[in-house]
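Every number here is computed from the coordinates shown, using simple stated rules; none is lab data. Not measured: the values here are computed from a predicted model. All Cβ positions, glycine included, derive from the backbone under ideal geometry; neighbour counts span all protein chains shown.
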Amino acid sequence: MARIFCIANQKGGVGKTTTTVNLAAGLSKIGKRVLVVDLDPQGNATMGSGVDKRALTLTVYDVLLENASIVEARVRSDKAGYDVLGANRELAGAEVELVQLERRDKRLRDALTAVQTEYDFVLIDCPPSLSMLTLNGLCSAHGVVVPMQCEYFALEGLSDLVNTIKQVHANLNPELEIIGLLRVMFDPRITLQQQVSEQLKTHFGDKVFNTVIPRNVRLAEAPSYGLPGVVFDPASKGAQAFVEFAQEMSQRLGSA
């Protein structure tokens, strides 16, 4: 049975998509079967996995409106080594359309039930806002992985996200929990980042992953080539850190 995780943070620009595609590629590299679900209308996780969002005939939009199943809509990214349920601009319209539909927050969860045995991990890339799309992700997931930069404002945003997860846990999805916090774009030369990192460990203890993803130019360059950094430059520090993170995640969940 697949373990389903949202990669979420209500703050924009913290590396959610980078985390999603590189964790997926890292898990694939250590032999796991992975599906990436792109819930962001920008479609960055789709493009970053080597899939042209403009060429997709079926997307997550069709799945949410129940016009297609995941089996029909998913595509294989041979370059990245995992399956993708892609998104494009069409998904922005789903926000409005879902509001008037029944089971509007459970549609992704229902769709994923059909493919649960085909994957070890399903990773859902959520948009930065708390929208109906994010809610669909949170209602589907067993847990949330929170990528965050070690900066002051990131701590502010984290408390909002923790409250949101508590509310979803209480009212919609009792399985939902924070799996862990991943420190990304980390530069050990900056004293503030070290201080925030220590604060995180003090407050959240073993919920903070041991792996730290360094600030890395190769990870930033990879999307322009339509590849996760783990595939684009496997020898780079960022890529190696993500493979290490995939192993830690797998061990933490007892599926190593």
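Here are a few things to note about the model shown:
- Modelled spin-label separation between Gln251 and Ser224, with each label point placed 7 Å from Cα along the Cα-to-Cβ direction: 3.6 nm.
- For the chain, the mean residue ellipticity at 222 nm estimated from helices alone is -12500 deg cm²/dmol, where every DSSP H run of n ≥ 4 contributes -39500 (n - 2.57) and the total is divided by all residues, rounded to the nearest 500.
- Sequence-ordered 3J(HN,Hα) estimates for the stretch 6-15 from the Karplus curve with 6.51, -1.76 and 1.60 and θ = phi - 60° stand at 8, 9, 9, 6, 6, 8, x, x, 9, x Hz, glycine and proline given as x.
- Most positive-pole-ward Cα, Ala55, Gln149, Ile178, against dipole of the chain from beta carbon charges: Gln149
- Candidate cross-link partners of Lys166 among the lysines, defined by an alpha-carbon separation under 21 Å and a same-chain spacing of 8 or more, comprise Lys11, Lys16, Lys106, Lys201, Lys207.
- Cα gyration tensor of the chain - equivalent ellipsoid semi-axes, whole Å, descending: 27, 21, 17
- Amide H contacts of Ile178: Val144, each under 5 Å away and 5 or more positions distant or on a separate chain (H built 1.01 Å from N in the peptide plane; Pro and chain starts excluded).
- With both residues required to sit in the stretch 3-252, DSSP beta bridges show an antiparallel share near 10%.
- Karplus-derived HN-Hα couplings along the stretch 32-40 (A = 6.51, B = -1.76, C = 1.60, θ = phi - 60°), whole Hz, x at Gly and Pro: 8, 8, 10, 10, 9, 10, 8, 9, 9
- Highest mean first, the peptides 45-53, 173-181 sorted by other C-beta atoms within 10 Å per residue fall in the order 45-53, 173-181.
- Gyration tensor verdict on the stretch 1-96 (Cα atoms; rounded if a/c is under 1.5, prolate if a/b is larger than b/c, oblate otherwise): oblate
- Here the peptides 148-160, 241-253 are ranked by packing, the mean other Cβ count within 10 Å, and the order with the highest first is 241-253, 148-160.
- Principal axes of the stretch 175-220: Cα extent on each, largest first, Å: 37, 23, 13
- Relative protection proxy for 193-203, 131-141, from highest mean packing down: 131-141, 193-203 (other beta-carbon atoms within 10 angstrom).
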